[in-house]
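Each remark here refers to the structure printed beneath this line.
The values are calculated or read from the model by the stated rules, or taken from the named source; none is laboratory data. Just so we're clear, the structure is a prediction, and the values are computed from it rather than from any experiment. Backbone-built Cβ (ideal geometry, glycine too); neighbour counts: all protein chains shown. Accessible surface is based on the protein model in full, side chains and every heavy atom, while ligands, DNA and RNA are left aside. Shrake-Rupley method; radii C 1.70, N 1.55, O 1.52, S 1.80 Å.
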Amino acid sequence: MDGVQRSGKRRRHIVLRILLSVALLLLLCAADFPDFDKPGPPPGQIELARGWSLVSASTVSADGAVLSRPDYKAIGWHAIARMPATVLQTLQEDGTYPNLYYGTNLLDNVPQDLYKQDWWYRTAFTAPAGHTTYMLDFPGINYRAEVWLNGHLIAGNTAVVGMYNAHELDVSRWVNQGASNTLAVKVTPERALQDVDGVELADSWYDWINSNYLSYQGPGKNPASGNSSFVPDRNAGIWKPVYLKVSDAVVLGSSAVNSELPLPRTDSARLTIYSSLRNASAEQVRGVLRATITRPGKPDVALEQPVTLAAGEQREVSFTPDKFRQLTVKNPDLWWPYTLGKPNLYDLRLEFRQYDQVIDTSQLRFGIRSVEQYRDQDQQFPELGKGGNFYLKVNGKDFLVRGAAYTPDLLYANDPNRDTAILGYVKDLGLNMIRLEGKFPGDHLVETADEMGIPLMYGWMCCNQWEKWSQWNDEDVRVSQDSLRSQIEALRNHASVFVWANASDGKPPADVLAKYHAILSALHWQNATVDTVSSLAIDAEGERDWDGIQMAGPYSWRPPSYWFSGRYAATRGSTAEQGDNEQIPPFASLRKFIPPDKLWPINDAWFFHAGSDPKNAALTSIRRAIDNRYGLSDSAEEFARKAQLAAYESTRAQFEAFAAGGWDNHKMTIYWMLNNHWPSFFGHLFDYYLRQGGAYFGAKKALLPLSVVFDSYATGDHSGAKISVVNQTPNDQQDLRARVRVYDLQGRVRDDRSADNIAVATGGAVQALTLPREARDSRVFFVRCELFDKAGALVSENVYWQSQQGDDLGDPGNDSAFELKQASWADMTGLNWMTPAPLEVTALRAPHPGDNRITIRLHNPSQQVAFFERAELTSSPDGDEILPIQYSDNYVTVFGGETVELEGQPWSGVPANWVRVTGYNTPPQVVAIDQAVAGSAAAQSTAAKLTVAVAPISSSLPR
């Protein structure tokens, strides 16, 4: 019995020791164990978009400690409709300074020293209860700020500094969980004036606005004494969304997925996942990082690994295919630019978990693809640089870049719907890249580009702060590196981002580049990188110090023959920007921002909305081109009408020449620019109102997948023109037929020739015909080029107008990037005296509900040519065109006895009820949609045999 008792005591003693050991272990590892009985609320992110107000710091005496208390009465503050919003954007929207883009209001009605004041932003928000970590995320404050929460200074203006530097602030100590919190942010605008008292690394509009009016120009307006172009607030404020992020102890940061293809094969891919983790607590934390990759139709990939983080530790964790076999993916759905295939995307979900509870989570979309950069062997113009031109390969395929440069709104207004429409226009045009030179918008644009398959090229702004390296102080050096890190962390996971440029016009010094390159390497940047996108820098040996991309312009109008001649260095290779810096919008847009009494003649009200380069500021080159080639104008409306002709033919030629000129020495052209930052004459393919003019439809015609191109008698003795078939599709094409007809101004056919059995490789061009000069008794004649497939169906049509007298720019050495200098001019004035042509217009809705496409039929019952016909869909007979909008084609020519059929589709939801048609030699007319007209049945019966059917547009809106 005693033995039994002793045995029982020993067992109890052992059990007690085990229980004590477990209790001690639990105590020592308490930080690793959550509350099992009461699982915490899920992590998340809340956008703080509503309830903000703004005031000038000069009008309030209270400091941040007072302003960030809930009992402060914000009387007289400016209400902000929705964040983000810059200072001047807010003051315009609340009516303090209304209609800033009209006339010279931005100069006349706004104090030009708003940037010399500090500005308070204030809001209140409720923080969800039950979390341990609360982070305020400011991805964009311009330029520096104090951040106050509930009476406490969270961060000062030496820490929160840099327009492109993202700031995540841990406010866990000061947040009121489950209750109201008051946030006050004191923003100090960029104040430094380059070349005067240093720089601050915000951004500049440089020559994008006219610095004769909007800028600091130094003493005596001498650019040598300092020149900074900016709006009155210098775009100060909180210009990107503000977020409250909530989680438990561990916070997931920036993540990315890199992909490696066994090129030239693409039947597998090796993926590597990178993620940053931070332990926000004062205790060690153990847990599991779980990664799940999904895509509809593909098997899920689920991975996890244990992670231990010391108190306050931040570390990158990776999943590699060497350790996780699942990351070698078989037969992946690749992400392609939309011109080459489908932009397939995968989803990655990351979770940090403790005992099957999610502590924090993040999600991203990524594409499996490869982007490689190379230099070719072209040495045609060594004066622009040696070593060959830059080019890209995507998934092992050559990628011919046909792009344009994006700009946000002049006041940085955040408008996701507008950006969606802009990207929709990019696809409608056929462009395959957008360049962003500074002024990076929020996430919506790049996320939408991922989905739509539109590659992007990002990089720092030229000429001002970001290239004034000698004026950088220690803070600027730090801000430059922090800003690059912030931008690359935000961009690296996006499939659409192909290129990063460390500078634009200049090239950073070696010490700056070393830091830049180290950051790119540390963040696993897997895309193309260039250190400059011009050949302006000179190395120690006096050679061009470039990366294969030139910036020789031109930045002013050029005739079509310029682009095809092969004589001018700017028209070949790889160029980051070229186009017309003096772009005249259609008259319907002109009268929206130029007051009636300033519309004609051209005057300072026009110049105020121009760029600032001395050669472009007075619109000298475009006026010279239009007056000399198309004749003098008597009104703004006439001038604008002729300007659309000039823009169409020049822009079409730029893109066509890079396609027809061949891959060997035509790798990349980026039009300067895509869109307008405000109502402006600065370069654009469509204007601020999203109205499409001649440049838009000229570019769209040039970027057709398959087309026939006429080179304007640009080469040799100019007696014969090359007619080429261009293939911009991802596939080789065979059994094509090209037909070319020449018409005189009276509409008579003067030549008709064709070529059969044409084959052209993907991305290639072949000469199909030679066209001698014809119709010499007609001062201007039309060249009509058509392409047919094997079945005889029309694939595309191109109509050119050509003068018997050629354009001659003279010696290539005299070619000036910003100024048009011609030795002789084509004479297009014969177009002004064409015999008027009648045009019968009908318009019908699509028969299916929910399809808002409109079919527009233009029938020419005469033998004359109905030239340059512009169709516009409107909601009322005298209303403005519905914008944004997509047309299958526009500014079309209808030859005698024929019908051209177009499609139009509004994107705004506004119903189209009328179509307005205006032409160069036809009277304007407005016709109700679905309205029968006298004789229309007979007209349509005849037209059915003669219709030129333009490729229909998609019924889906841009995504």
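Below, the figures for the structure above:
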| item | result |
| --- | --- |
| Residues of segment 66-98 classified as farther than 21 Å from ARG234 by Cα, surrounded by 14 or more Cβ atoms within 10 Å (Cβ to Cβ) and of a type outside the set (Lys, Arg), total | 5 |
| Residues of segment 804-824 that turn out to be under 13 Å from TRP557 (Cα atoms) and assigned to a loop (DSSP other than H, G, I, E, B), as a count | 8 |
| Extreme residue, farthest from ALA695 (Cα to Cα), among residues of segment 651-671 that are surrounded by fewer than 24 Cβ atoms within 10 Å (Cβ to Cβ) and small (Gly, Ala, Ser) | GLY662 |
| Enumeration of residues in segment 831-849 that are surrounded by 18 or more Cβ atoms within 10 Å (Cβ to Cβ) and not in a loop (DSSP other than H, G, I, E, B) | LEU831, GLU840, VAL841, THR842, ALA843 |
| Search result, residues across segment 347-361 that are open to solvent by 10 Å² or more (accessible area, probe 1.4 Å) and in contact (Cβ under 8 Å) with a residue 60 or more places away in the chain | GLU351, ARG353, GLN354, TYR355, GLN357, VAL358, ASP360, THR361 |
| Test set (1) over 17 Å from ASN258 (Cα atoms); (2) open to solvent by 20 Å² or more (accessible area, probe 1.4 Å); (3) among the small types (Gly, Ala, Ser) - ALA490 fails condition number | (1) |
| Filter pass, GLY542 being in a loop (DSSP other than H, G, I, E, B), out of contact with any Leu (no Cβ under 6 Å at 6 or more places or on another chain), farther than 15 Å from SER650 by Cα and open to solvent by 30 Å² or more (accessible area, probe 1.4 Å) | yes |
| Residue match in segment 144-152 (condition: on the phi < 0 side of the Ramachandran plot, surrounded by fewer than 21 Cβ atoms within 10 Å (Cβ to Cβ) and in contact with a strand residue (DSSP E or B) (Cβ under 8 Å, 6 or more places away or on another chain)) | no |
| Matching residues, segment 119-141, being touching a strand residue (DSSP E or B) at 6+ places or on another chain (Cβ under 6 Å) and within 24 Å of ALA413 (Cα to Cα) | TRP119, TRP120, TYR121, ARG122, THR123, ALA124, PHE125, LEU136, ASP137, PHE138, ILE141 |
| Selection count, segment 699-727, where residues are under 27 Å from the mean Cα position of the chain (by Cα) and either β-branched (Val, Ile, Thr) or open to solvent by 50 Å² or more (accessible area, probe 1.4 Å) (or both) | 2 |
| PRO189, sole failed condition from (1) in contact with a Gly (Cβ under 9 Å, 6 or more places away or on another chain); (2) open to solvent by 30 Å² or more (accessible area, probe 1.4 Å); (3) over 12 Å from GLY64 (Cβ atoms) | (2) |
| Qualifying residue in segment 448-462 (condition: out of contact with any strand residue (DSSP E or B) (no Cβ under 8 Å at 6 or more places or on another chain), part of a helix (DSSP H, G or I) and farther than 30 Å from GLY764 by Cα) | no |
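Okay, residues lined up against (1) in a loop (DSSP other than H, G, I, E, B); (2) hydrophobic (A, V, I, L, M, F, W, C):
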site: SER724; (1), (2): no, no
site: ASN731; (1), (2): yes, no
site: ARG739; (1), (2): no, no
site: VAL742; (1), (2): no, yes
site: GLN746; (1), (2): yes, no
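Residue-wise test of (1) open to solvent by 20 Å² or more (accessible area, probe 1.4 Å); (2) in contact with a strand residue (DSSP E or B) (Cβ under 9 Å, 6 or more places away or on another chain); (3) assigned to a loop (DSSP other than H, G, I, E, B).
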{"site": "ASP851", "(1), (2), (3)": "yes, yes, yes"}
{"site": "ILE856", "(1), (2), (3)": "no, yes, no"}
{"site": "PRO861", "(1), (2), (3)": "yes, yes, yes"}
{"site": "GLN864", "(1), (2), (3)": "yes, no, yes"}
{"site": "ARG870", "(1), (2), (3)": "no, yes, no"}
{"site": "LEU883", "(1), (2), (3)": "yes, yes, yes"}
{"site": "GLN905", "(1), (2), (3)": "no, yes, no"}
{"site": "GLY909", "(1), (2), (3)": "yes, no, yes"}
